[in-house]
Amino acid sequence: MKRIVIGVTGASGILYAKRLLEALTHIDAEVYLIISETARTVARLEKVDLSGYPVHYEENCDLEAGIASGSFLFDAMVVVPCSMKSLAQIANGYSTTLISRAADVCLKERRPLILVPRETPYSRVHLVNMLAAHDAGAVILPASPPLYTNPKTIEELADMIAARILDHCHIEHTVGTRWKT
């Protein structure tokens, strides 16, 4: 069973986190979920409910949580959506929250860390931080769903990002549609 940490930060696109959570619950993964305060506000605005999943809910202010330690084994971490504030903290090793600390653990322990920025356009500062996070070992996976699959719903669009995240976590799945010629 895969053990995955998911950080949800205050960028628009909470649906991406929801679709990832749904996919992970169907494949019997053990999930540790951290939702920032700003993400809770955005979730209310976007009318997306992240409660009620069979996951371990962690408080973003709890820097003593198990996942804050390199000795706590987990397979990968995803920050989805990843705000530019969280990206800056992660890229620069500024661990003031559980999300940024768990991401720091991923980088120092060389575990997969997938950051899903949901911002447009990117400023030079954003790009520099993305490059720094990439150079430290993170995968930058922008929430840019493909349209060649002819999605009929917004959930189908979000599923394509969830599928790419699962691929980068090395988790077999049947989410989304793969390219076929």
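The values are calculated or read from the model by the stated rules, or taken from the named source; none is laboratory data. The shown structure was predicted, so the numbers you read here are calculated from the model rather than taken from an experiment. Please note: Cβ atoms are built from the backbone with ideal geometry, for glycine as well, and neighbour counts cover all protein chains shown.
Residues that are surrounded by fewer than 18 Cβ atoms within 10 Å (Cβ to Cβ) and modelled with pLDDT of 95 or more: find the strands (runs of 3 or more DSSP E) completely inside the range 1-74 holding 3 or more of those.
On the way: elements: 3-8, 30-35, 56-58.
It comes to none.
Of the conditions (1) part of a helix (DSSP H, G or I); (2) closer than 19 Å to Val175 by Cβ; (3) hydrophobic (A, V, I, L, M, F, W, C); (4) touching a strand residue (DSSP E or B) at 6+ places or on another chain (Cβ under 7 Å), Ile99 clears all except one; give me its number.
Checking Ile99 against (1) part of a helix (DSSP H, G or I); (2) closer than 19 Å to Val175 by Cβ; (3) hydrophobic (A, V, I, L, M, F, W, C); (4) touching a strand residue (DSSP E or B) at 6+ places or on another chain (Cβ under 7 Å), the one that fails is (2).
Working only within the range 75-96, note down all residues that are within 14 Å of the chain's Cα centre (by Cα) and either in a loop (DSSP other than H, G, I, E, B) or small (Gly, Ala, Ser) (or both).
Within the range 75-96, Asp75, Ala76, Ser83, Ser86 meet the criteria.
Any chance you could count how many residues in the range 133-180 are assigned to a loop (DSSP other than H, G, I, E, B), of a type outside the set (Gly, Ala, Ser) and within 16 Å of Arg111 (Cβ to Cβ)? Even if it seems obvious, please write down each step before you answer.
First, the residues of the range 133-180 that are assigned to a loop (DSSP other than H, G, I, E, B): 137-138, 141-153, 169-180.
Checking the rest, the ones that are also of a type outside the set (Gly, Ala, Ser) come to 141-142, 145-153, 169-175, 177-180.
Subset that is within 16 Å of Arg111 (Cβ to Cβ): 141, 169-171.
Total satisfying the criteria: 4.
Within the range 95-107, identify whether any single residue is farther than 21 Å from Ala17 by Cα, of a type in the set (Ser, Thr, Tyr) and surrounded by 14 or more Cβ atoms within 10 Å (Cβ to Cβ), and answer yes or no.
yes
Answer yes if at least one residue in the range 18-28 is farther than 19 Å from Leu115 by Cα and in contact with a strand residue (DSSP E or B) (Cβ under 8 Å, 6 or more places away or on another chain), and no otherwise. Explain how you work it out, then say what you get.
Initial filter on the range 18-28 (farther than 19 Å from Leu115 by Cα): 25-28.
Retained after the next criterion (residues that are in contact with a strand residue (DSSP E or B) (Cβ under 8 Å, 6 or more places away or on another chain)): 25.
Within the range 18-28, one or more residues are farther than 19 Å from Leu115 by Cα and in contact with a strand residue (DSSP E or B) (Cβ under 8 Å, 6 or more places away or on another chain).
Are there any pairs with C-beta distances below 9 angstrom linking a residue in the range 120-139 that is in contact (Cβ under 8 Å) with a residue 12 or more places away in the chain to a residue that is part of a loop (DSSP other than H, G, I, E, B) and among the charged types (D, E, K, R), with the two at least 6 apart or on different chains, and if so which?
His126/Glu119; Gly137/Arg110; Gly137/Arg111
Which condition does Leu147 not pass, out of (1) surrounded by fewer than 17 Cβ atoms within 10 Å (Cβ to Cβ); (2) under 15 Å from the mean Cα position of the chain (by Cα), if it passes all the others?
(2)
Sort through Leu157, Leu166 and tell me the only one that's modelled with pLDDT under 95, out of contact with any strand residue (DSSP E or B) (no Cβ under 8 Å at 6 or more places or on another chain) and surrounded by 17 or more Cβ atoms within 10 Å (Cβ to Cβ).
Values: Leu166 fails: modelled with pLDDT under 95.
None of the other options fit; the residue is Leu157.
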